[in-house]
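**Student:** Supplied in structure tokens, the structure appears directly below.
The values are calculated or read from the model by the stated rules, or taken from the named source; none is laboratory data. The shown structure was predicted, so the numbers you read here are calculated from the model rather than taken from an experiment. FYI the Cβ positions are ideal-geometry reconstructions off the backbone, even for glycines, and counts take in every protein chain you see. Side chains are part of the model used for accessible areas, which takes the heavy atoms of the whole protein and leaves out ligands, DNA and RNA. Shrake-Rupley method; radii C 1.70, N 1.55, O 1.52, S 1.80 Å.
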Amino acid sequence: MFRSLYLISFTLITSIAQPAFAETPAEILASIKANALKEGKFQEFSAARGEKFFKDKHGGDWNCESCHTKNPAEQGKHAKTDKPIDPLAPAANAERFTEMKKVQKWFKRNCNDVLERLCTPQEQGDVLAYLLTIKK
């Protein structure tokens with residue numbers, strides 16, 4: 001009976017206390033790569049292309065630097081609201097690129113602001129490859 005009670009207790013405790021494991025930026029990048037491969041015409045991600053994408057204006061008034069600064073390891077601020085934005089580079093902010101759902105949410109919002117369209121998985125991967133080269 002003690003053994004049965006122990007097993008039931010153990011099962012309940014472990015099912016309730018499931019830890020939420022964060023993804024790593026490398027895992028996020030691998031997931032973006034899988035999406036890019038599905039679209040075809042995939043080129044290996046390039047930090048140089050990502051840096052160019054981050055710094056260039058894409059037809060509008062904004063680029064990524066408009067809010068995230070020239071150094072993504074520094075705190076930025078929203079170009080319209082002046083709301084502070086935590087550093088974008090994972091080396092300076094361990095919370096960045098640790099949950100795919102959030103990554104997709106922010107790429108969607110920011111790409112629509114900067115490009116007036118969604119970023120492709122290739123563009124997302126290039127930008128993340130660039131951000132991973134930034135040191136604190």
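**Student:** Please verify whether Leu131 is hydrophobic (A, V, I, L, M, F, W, C), without any contact (Cβ under 8 Å) to a residue 60 or more places away in the chain and buried (at least 20 other Cβ atoms within 10 Å of the Cβ), treating the condition exactly as stated.
**Tutor:** Judged against the criteria, Leu131 is not a match.
**Student:** Select from region 73-101 the residues that are of a type in the set (Lys, Arg) and under 17 Å from the mean Cα position of the chain (by Cα) and write down the one among them that is farthest from Asp61 (Cα to Cα).
**Tutor:** Restricting to residues being of a type in the set (Lys, Arg) and under 17 Å from the mean Cα position of the chain (by Cα), the top hit is Lys101.
**Student:** Still on this structure, please answer the following. Out of the residues in region 43-55 that are open to solvent by 50 Å² or more (accessible area, probe 1.4 Å) and part of a loop (DSSP other than H, G, I, E, B), which is nearest to Pro90 (Cα to Cα)?
**Tutor:** Going through the qualifying residues, I end up with Glu44.
**Student:** Here is a list of conditions, (1) open to solvent by 50 Å² or more (accessible area, probe 1.4 Å); (2) closer than 23 Å to Glu44 by Cα, and Thr98 meets all of them except one; can you say which number that is?
**Tutor:** Thr98 satisfies all of (1) open to solvent by 50 Å² or more (accessible area, probe 1.4 Å); (2) closer than 23 Å to Glu44 by Cα except (1).
**Student:** Return only the number of the condition from (1) open to solvent by 40 Å² or more (accessible area, probe 1.4 Å); (2) over 15 Å from Val127 (Cα atoms); (3) free of Cβ contacts under 8 Å to residues at least 24 places away in the same chain that Gly59 does not satisfy.
**Tutor:** The single condition Gly59 does not satisfy is (3).
**Student:** Kindly check whether there is at least one residue in region 26-34 that is within 17 Å of Val127 (Cβ to Cβ), among the charged types (D, E, K, R), part of a loop (DSSP other than H, G, I, E, B) and modelled with pLDDT of 95 or more.
**Tutor:** Within region 26-34, not a single residue is within 17 Å of Val127 (Cβ to Cβ), among the charged types (D, E, K, R), part of a loop (DSSP other than H, G, I, E, B) and modelled with pLDDT of 95 or more.
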